[in-house]
Amino acid sequence: MEFVQREVSERPDIYAVPGGPVVADAFSSSLGEARTFQDAMQVLAKYHDLSSIWLIAHEGCAYYRGRYPTLDRDAVRGRQMEDLRRAKPALAVQTGWAVRLVYAALEADRVVFATIDD
């Protein structure tokens, strides 16, 4: 939460779901997950004064481990990065918001947040 308050906002609107950014794309998630996410974004766009969205994926995500049980750690991370990058332009067009991509990983018993550039 410290990262979010420091980098995003003191009072952020948080939409946290298993798989995180994967729900922004019906190709990578399910149609139902993508539809629920789109509905939530429409509510936020209509009733909240937002200008950006931060998509955060994290190391060891149970959603990805369950969805891709044969992939090793590096391959799962590659898939997460691909999903983040695929979600960015779709969300930017849909919402008009700036879209930031972040990956959280554990390094020496500390969570490190890395901004991902295109």
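The values are calculated or read from the model by the stated rules, or taken from the named source; none is laboratory data. Model, not experiment: these values are computed from the prediction. In this analysis, Cβ positions are derived from the backbone assuming ideal geometry, glycine residues included, and neighbour counts consider all displayed protein chains.
Looking at Tyr47, Tyr64, can you tell me which residue is surrounded by 19 or more Cβ atoms within 10 Å (Cβ to Cβ), at pLDDT 85 or above and over 12 Å from the mean Cα position of the chain (by Cα)?
Tyr64
Only one residue in Arg73, Arg77, Arg65 is in contact (Cβ under 8 Å) with a residue 24 or more places away in the chain and among the charged types (D, E, K, R), so which one is that?
Every option except Arg77 fails the conditions.
Is one or more of the residues making up segment 13-20 surrounded by fewer than 18 Cβ atoms within 10 Å (Cβ to Cβ) and acidic (Asp, Glu)?
Yes.
Can you tell me how many residues within segment 78-113 are under 17 Å from Glu2 (Cβ atoms), under 11 Å from the mean Cα position of the chain (by Cα) and of a type in the set (Lys, Arg)?
1
Tell me, please, whether a residue that is out of contact with any helix residue (DSSP H, G or I) (no Cβ under 7 Å at 6 or more places or on another chain) and within 15 Å of Pro18 (Cα to Cα) can be found in segment 104-117.
Taking every residue of segment 104-117 in turn, at least one turns out to be out of contact with any helix residue (DSSP H, G or I) (no Cβ under 7 Å at 6 or more places or on another chain) and within 15 Å of Pro18 (Cα to Cα).
Looking only at segment 1-26, which residues are under 18 Å from Thr115 (Cα atoms) and outside any loop (DSSP other than H, G, I, E, B)?
Glu2, Phe3, Val4, Gln5, Arg6, Glu7, Val8, Gly20, Pro21, Val22
So Val4 clears everything in (1) β-branched (Val, Ile, Thr); (2) under 19 Å from Val111 (Cα atoms); (3) at pLDDT 75 or above except one condition, right? Which one?
Unmet for Val4, out of (1) β-branched (Val, Ile, Thr); (2) under 19 Å from Val111 (Cα atoms); (3) at pLDDT 75 or above: (3).
Would you confirm whether any residue within segment 27-39 is in contact (Cβ under 8 Å) with a residue 24 or more places away in the chain and under 21 Å from Phe113 (Cβ atoms)?
No, because not a single residue in segment 27-39 is in contact (Cβ under 8 Å) with a residue 24 or more places away in the chain and under 21 Å from Phe113 (Cβ atoms).
Could you please find all residues in segment 88-100 being without any contact (Cβ under 8 Å) to a residue 60 or more places away in the chain and farther than 19 Å from Asp49 by Cα?
Lys88, Pro89
Go through (1) touching a helix residue (DSSP H, G or I) at 6+ places or on another chain (Cβ under 8 Å); (2) under 13 Å from Gln94 (Cβ atoms); (3) not β-branched (Val, Ile, Thr) and name the single condition Asp13 misses.
Unmet condition: (2).
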